[in-house]
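Chemist: Here you go, one structure.
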Amino acid sequence: MKADLAMFGGKPAVRPEYRRLEWPVVTQADRDAVLRVLDHGKFTVGAKEEPEISGLESEWAAFCDTRHAVSVNSGTVALELALTALGIGPGDEVIVPALSYVATAMAPLYQLAVPVFVDIDPVSFNIDVTQIEAKITNRTRAIIPVHLGGLPADMDEILALARKYDLYVIEDAVQAQGGKYRGRTAGSIGDVGCFSLNVEKSIPTCGEGGLIVTDDERVAERCRSLRILGEDLSTEERLYVSATRGSNLKLSAVLAAFTRAQLDRFWDYQVRREQNIPVFLNRLAELPGIVLPSVPDDRTHMWHMLRFRFDPEAAGLDGITPGQFRQALRRALLAEGVPLTHYQIIPLPGQPVFQEQDAYGRGYPWSLPGVNPQRYDLADYPVTCAVIEDSLCLRRMHLNPDAGPALEEYADAFQRVWENLDVIGRFARSAPYAPPWAAVKGVGRAHAGAAA
Ligand SMILES: *Cc1c(COP(=O)(O)O)cnc(C)c1O
């Protein structure tokens with residue numbers, strides 16, 4: 001007998017305590033690490049023989065197979081300093097994917113550089129490497145591929161373009177810690193790799209933090225200087241002399257110690273996640289019309305996020321668009337207690353900051369002399385629009401090492417909804433529809449038909 005859907009008053013399939021799972025998992029090892037710092041009293045990177053920050057940096061470099069790792073106070077800052085250290089400057093263009101966390105596209109602004117967006121691949125959700133070359137101009141200096149959701153981007157194609165046009169490659173590896181691409185480790189493949197230690201990431205701290213990895217000694221040295229007001233670090237004793245513009249962007253020792261304890265357990269956790277996540281995906285694979293994350297043979301998926309696309313035709317429903325299907329499923333699955341989210345309601349070029357083209361006042365950096373005009377028109381990113389319209393995500397906090405039983409109940413919820421697809425179809429046909437980006441002020445109206 002089919003159970004009533006929770007959206008129509010039935011009992012939700014997922015128990016309340018599984019709607020929000022605990023992440024980070026905090027153990028005695030983390031508490032001991034934090035207390036150790038309070039006991040040794042070396043709190044900052046400047047302290048003599050400071051063990052935690054330097055310890056994390058060498059362990060992280062080893063983890064990523066790079067020669068250097070430099071810690072900073074966020075993943076966003078890691079991207080900003082990487083661009084700065086590579087010499088990206090005012091009016092330069094930096095190529096980024098149209099789907100990512102906004103930090104990827106905001107980072108170039110730090111150096112008054114201009115982001116140039118490329119549409120994504122409909123299967124991997126990473127930058128579409130076949131569309132990059134058309135966006136390269138005389139001003140292009142760098143590409144920032146993002147390993148979105150934990151799946152490494154097509155790095156060999158990106159590196160080939162970078163060689164051809166003399167561009168830097170900065171990996172936004174924030175969502176793919178420990179990931180492998182053709183035998184190489186995420187973050188070590190381009191010129192520089194960037195990571196975040198934010199609580200929502202796979203190797204978190206108890207707050208905010210970030211890391212920059214590279215094999216280039218000079219880039220590492222510049223990042224170390226940039227995080228401490230551009231100080232000249234070549235002197236034996238600290239002289240408080242600034243060689244360049246910088247800021248105070250250092251990671252604290254308490255945060256570093258916490259992350260060291262998490263890094264220590266990362267692969268144990270990963271082994272358990274490699275058990276419970278595929279079991280969950282295998283159950284969903286039996287339901288027609290759900291497109292599951294794909295994992296090419298030449299790379300690993302670190303399961304930072306699971307993105308599901310929904311296809312009404314494959315589910316046997318006609319007369320509704322993928323967006324309408326996703327909207328109805330969102331209502332139904334949230335009511336059942338599955339904590340699905342959009343993860344980006346708008347392609348990055350549609351973000352008001354880019355629509356306005358004014359980051360510093362007076363239209364800078366877009367009004368700088370010689371800068372190529374940018375359109376930032378959603379119609380140029382049809383795949384990103386389609387993916388945002390027809391997909392929903394499960395995020396890192398719901399994919400923790402102990403999530404097995406919760407994922408079982410999420411799968412039960414999907415199954416119940418799929419047993420009631422006729423009802424979902426009727427609901428989808430009758431509900432008023434708006435794409436997710438209609439919620440963004442000033443953009444929804446102008447681009448309501450972009451993906452139609
Ligand atoms: C979280 C995230 C960032 C930024 O990291 P913060 O530490 O939050 O500044 C950058 N890129 C991606 C893809 C992210 O998910």
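Chemist: Two decimals is fine: what is log10 I(q)/I(0) at q = 0.18 Å⁻¹ for region 148-302, from a Debye sum with one equal scatterer on every Cα and no solvent?
Modeler: For the requested q values the scattering log ratios are -1.20.
Chemist: Taking the alpha carbon gyration tensor of region 101-213, what are the square roots of 5 times its eigenvalues, largest first, to the nearest whole Å?
Modeler: 23, 16, 13
Chemist: Given a Förster distance of 45 angstrom, what is the FRET efficiency for ARG375 paired with ASP65, based on the Cβ-Cβ distance and rounded to 0.05?
Modeler: Calculated transfer efficiency: 0.70.
Chemist: For the chain, what relative contact order do you get, as a whole percent, if you take Cα pairs closer than 8 Å and at least 6 residues apart?
Modeler: Averaging sequence separation for qualifying contacts and normalising by length gives 21 percent for the chain.
Chemist: Would you mind computing, in nm to one decimal, how far apart the modelled labels at ALA438 and THR137 are, each placed 7 Å from Cα along Cα→Cβ?
Modeler: Taking the simple label geometry, ALA438 and THR137 are separated by 3.4 nm.
Chemist: What do you reckon, how do ASP297, ASP30, ASP121 stack up by accessible area (1.4 Å probe), largest on top?
Modeler: ASP297, ASP121, ASP30
Chemist: Let me ask you something else. Which order do you get for GLU221, GLU50 if you rank them by accessible area with a 1.4 Å probe, largest at the top?
Modeler: The ordering from most to least exposed comes out as GLU221, GLU50.
Chemist: Same structure, new question: With just the Cα atoms defining each centre, how far is region 324-364 from region 237-254? Give it in Å.
Modeler: 36 Å
Chemist: How about LYS11: which aspartates and glutamates have a C-alpha closer than 20 Å to its C-alpha, ignoring those fewer than 8 places off in the same chain?
Modeler: Correct list for LYS11: GLU336, GLU408, GLU409, ASP412, GLU419, ASP422.
Chemist: Report the accessible area of ARG326, computed with a 1.4 Å probe over the heavy atoms of all protein chains in place, in Å² rounded to the nearest 10.
Modeler: Approximately 10 Å² for this residue.
Chemist: Sticking with this structure for a sec: Treating cross-link reach as a plain straight distance, find the lysines whose alpha-carbon is under 22 Å from the alpha-carbon of LYS164, omitting any fewer than eight places away in the same chain.
Modeler: Cross-link targets: LYS135.
Chemist: Another question, then. Can you pull the accessible area of ASP172 for me, 1.4 Å probe, Å² to the nearest 10?
Modeler: Answer for ASP172: close to 10 Å² accessible.
Chemist: Could you tell me whether region 295-335 comes out rounded, prolate or oblate from its Cα gyration tensor? Rule is a ≥ b ≥ c as square roots of the eigenvalues, rounded for a/c under 1.5, then prolate if a/b exceeds b/c, otherwise oblate.
Modeler: Oblate, because a/c is 1.5 or more while a/b does not exceed b/c.
Chemist: At a Cα cut-off below 18 Å, give the lysines reachable from LYS180, other chains included and same-chain residues fewer than 8 away excluded.
Modeler: Qualifying lysines at Cα under 18 Å: LYS201.
Chemist: When the accessible area of region 28-265 is computed with all protein chains present and a 1.4 Å probe, what percentage of it is carbon and sulfur?
Modeler: Exposed carbon and sulfur together represent 51 percent of the surface.
Chemist: Of the chymotrypsin sites (Phe, Trp or Tyr not before Pro) in region 291-399, which ones lie in a loop per DSSP and count no more than 16 other C-beta atoms within 10 Å?
Modeler: TYR360
Chemist: Roll a 1.4 Å probe over the protein chains and send me the accessible area per residue for the chain in Å².
Modeler: Dividing the accessible area of the chain by its residue count gives 41 Å².
Chemist: In Å, the Kirkwood hydrodynamic radius of region 28-265 over pairs of distinct alpha carbons?
Modeler: Roughly 17.9 Å, rounded to one decimal.
Chemist: Here is a follow-up. Label ASP32 and ALA431 with points 7 Å out from Cα along Cα→Cβ: what is the distance between them in nm?
Modeler: Modelled inter-label distance: 4.9 nm.
Chemist: Related question: Pull out a ≥ b ≥ c, the square roots of the eigenvalues of the alpha-carbon gyration tensor of region 262-358, then state rounded if a/c is under 1.5, prolate if not and a/b is larger than b/c, and oblate in the remaining case.
Modeler: Judged from the Cα gyration tensor, region 262-358 comes out oblate (a/c at least 1.5, b/c at or above a/b).
Chemist: Ranked by accessible surface with a 1.4 Å probe, highest first, in what order do HIS40, HIS304 come?
Modeler: Correct descending sequence by accessible area is HIS40, HIS304.
Chemist: When averaged across all projection directions, what area in nm² does the alpha-carbon convex hull of the chain cover?
Modeler: 22.6 nm²
The values are calculated or read from the model by the stated rules, or taken from the named source; none is laboratory data. Since we're looking at a predicted model, the values are computed, not measured. FYI the Cβ positions are ideal-geometry reconstructions off the backbone, even for glycines, and counts take in every protein chain you see. Note: areas computed on protein heavy atoms with side chains; ligands, DNA, RNA excluded. Shrake-Rupley method; radii C 1.70, N 1.55, O 1.52, S 1.80 Å.
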